[in-house]
Amino acid sequence: MSKKAFYVTTPIYYVNGLPHIGHSYTTIAADCLARHKRQNGFQVLFLTGTDEHGQKVLKAAQEKGKTAQEFVDGIIPRFKEAWAKLNISYDDFIRTTEPRHVHSVQHVLDRLHKRGDIYEGVYEGLYCVPCEVFWTDAQAPDRVCPDCRRPVERIKETNYFFRMSAYQPWLIAHIEAHPDFIRPESRRNEVLSFLRNNELGDLCVSRPKARLAWGIPLPFSPDHVTYVWFDALVNYISALGYPEDKKKMDAFWPQALHLIGKDILRQHAVFWPIMLHALDLEPPRMIFAHGWWQVGEEKMSKSRGNVVDPLAVIDDFGIDVLRYFLLREVPFGLDGVFSRASLIKRFNGDLANDLGNLVYRSVTMIEKYFAGSVPALRESDADAYAGENILPRLRTLSADVAGHFDDLDFIAALEAIWALVNACNKYVEETKPWNLNKEGRSKELAVFCAVLGVSLRAVARELTPFMPDTAAKILEQVGGATVKKAAPLFPRIEDEQR
């Protein structure tokens, strides 16, 4: 592969409900990264998809009077419609019911079984059906799930176990040797603390078919199906054609960046790297666990009934406004509070007052003073007349933004773009082009309009990963030799309580 590769993934989303803002946040962040890397010459693979097995899905299907397959087949179009409306540019959408995924999962199971890393045993303990997680008596002394606080069941059954405990020292050493393997640092510290202070048990990787028939059969025990998390994690390599497609694996796997919510950190930062190591595969390059969106004081969740529908937000404000808000409002990695009032404040301030106003008045002035023709910009003239705040920012903008993307700091990338936007707005106020025109200072006026034209093109380019439609609209107006005036990009919302 001639271009440098970049592989970014979202979690595969569980299909017992429809997409909400939490799903959208991870997916928009991944889309933004993918678009930026493509724009900068990378060969990109952006993977998303759906997790379709497990007890919760079977239960949801039964409640609808459908088979599990009928149920998941009916949900998938809703996810794809949501991603289309959110302008998500994924390269591959994997479903855990697809033959390619089933094949990879069964290969992984068979290989680990033959190596002795999967063995048969008896499990007796507590089980949370909604979370699909086993707990010990010590972990759930009050007989409720430590994660979701719902009642757990006591079960005893013959199952198959992955010898995860044997790899605990290796995982600790790997995390210590690779500071950027788990980010942000608070999550890395959380995982290390857990591993240093607890003995890893072996992971139960099966469920008896008699109790749960909806899953991938174990290749060495047709009476069992695969534990949903073991099944789901394999998607990151099954989408690369593992084990047969070595060329695709060699190109993309070393660059893997997993974006996840912090609630599934342990599965990704403990289960998954150990599974890979047991398969003689490298761990992903980075696992980044972002925070939760809250409504008021509570985490947004389907079980609480307080989820925000991203499609409804788009209907009110537009897709690019939602994308901008989610990536600008809260540092990636921390929790955030979603509110309509905060979104409107960003809309009126950053988008209407700063960006939209700059585009509209720049095009208006170029029309007025130069009959719509954007003057050419000569470096010597720009240095003489353009002001010290704009040109340095303009010259380093692309590199600055790229550096912030490498750090997964979306806010810093947007602040770098807005620093140029704000410098241009200040340039208008300080230069007073209307006075230049009145005084016949045509050369300075030409430089002024040329600088605005070049700056807006640079802003549009760097804004494209965040706000693809808005960037395209800016370039429609100022991307050519002649401007094409349009309506304001973001008309102010006057009633901020609506």
Exercise. Just name the residue that is nearest to L408 (Cα to Cα) out of those in the stretch 31-66 that are surrounded by fewer than 23 Cβ atoms within 10 Å (Cβ to Cβ) and among the small types (G, A, S).
Key: G41
Quiz item: Hey, any hits in the stretch 178-195 for a residue that's surrounded by fewer than 19 Cβ atoms within 10 Å (Cβ to Cβ), under 27 Å from L212 (Cβ atoms) and among the hydroxyl-bearing types (S, T, Y)?
Solution: no
Quiz prompt | Of the criteria (1) of a type outside the set (D, E); (2) at negative phi; (3) touching a Phe, Trp or Tyr at 6+ places or on another chain (Cβ under 8 Å); (4) surrounded by fewer than 21 Cβ atoms within 10 Å (Cβ to Cβ), which one R340 fails | solution = (3)
Quiz item: Looking at V321, is it assigned by TED's automatic domain parsing to the domain that holds L420, of a type outside the set (G, A, S) and in a helix (DSSP H, G or I)?
Solution: no
Quiz item: When you go through L257, L327, L311, L276 one by one, which is the residue that is farther than 28 Å from R149 by Cβ, surrounded by 16 or more Cβ atoms within 10 Å (Cβ to Cβ) and at pLDDT below 95?
Solution: L311
Practice problem: Please find, within the stretch 307-348, the residue that is farthest from the chain's Cα centre (by Cα) out of those that are basic (K, R) and under 19 Å from I260 (Cα atoms). | Solution: R328
Self-check item: Of the criteria (1) out of contact with any strand residue (DSSP E or B) (no Cβ under 9 Å at 6 or more places or on another chain); (2) touching a residue at least 12 places away in the same chain (Cβ under 8 Å), which one D202 fails
Solution: (1)
Quiz item: Looking at this structure, is K209 assigned by TED's automatic domain parsing to the domain that holds R95, of a type in the set (D, E, K, R) and loosely packed, with under 15 Cβ neighbours inside 10 Å?
Solution: no
Quiz item: When both residues are 6+ apart or on different chains and their Cβ atoms are under 9 Å apart, which pairs have a first residue that lies in the stretch 106-117 and is without any contact (Cβ under 8 Å) to a residue 12 or more places away in the chain and in the same structural domain as I237 (by TED's automatic domain parsing), and a second that is of a type outside the set (D, E, K, R) and surrounded by fewer than 20 Cβ atoms within 10 Å (Cβ to Cβ)?
Solution: K114/F220
Self-check item: Selection within the stretch 96-118 - assigned to a loop (DSSP other than H, G, I, E, B) and in contact with a Lys or Arg (Cβ under 8 Å, 6 or more places away or on another chain)
Solution: G116, D117
Self-check item: helices (runs of 4 or more DSSP H) enclosed by the stretch 18-95 - at least 2 residues per element that are more than 16 Å from the chain's Cα centre (by Cα) and free of Cβ contacts under 8 Å to residues at least 40 places away in the same chain
Solution: 55-63, 68-85
Quiz item: Is it true that S380 is surrounded by fewer than 18 Cβ atoms within 10 Å (Cβ to Cβ), within 25 Å of the chain's Cα centre (by Cα) and on the phi < 0 side of the Ramachandran plot?
Solution: no
Exercise. Output yes when any residue across the stretch 441-456 is among the β-branched types (V, I, T), at pLDDT below 95, farther than 30 Å from F42 by Cβ and touching an Asp or Glu at 6+ places or on another chain (Cβ under 6 Å), and no when none is.
Key: yes
Quiz item: Just a yes or no: is a residue in the stretch 359-382 assigned to a loop (DSSP other than H, G, I, E, B), among the charged types (D, E, K, R) and at pLDDT 95 or above?
Solution: no
Quiz item: Got at least one residue in the stretch 470-492 being without any contact (Cβ under 8 Å) to a residue 24 or more places away in the chain, assigned to a loop (DSSP other than H, G, I, E, B), outside the structural domain of E367 (by TED's automatic domain parsing) and more than 22 Å from Y369 (Cα to Cα)?
Solution: no
Quiz item: How many residues are more than 15 Å from M275 (Cβ to Cβ) and in contact with a Lys or Arg (Cβ under 9 Å, 6 or more places away or on another chain) when one looks only at the stretch 187-211?
Solution: 4
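The values are calculated or read from the model by the stated rules, or taken from the named source; none is laboratory data. Quick caveat: nothing in here was measured; it's all calculated off a predicted structure. We place every Cβ from the backbone using ideal geometry, glycine too, and count neighbours over all the protein chains shown.
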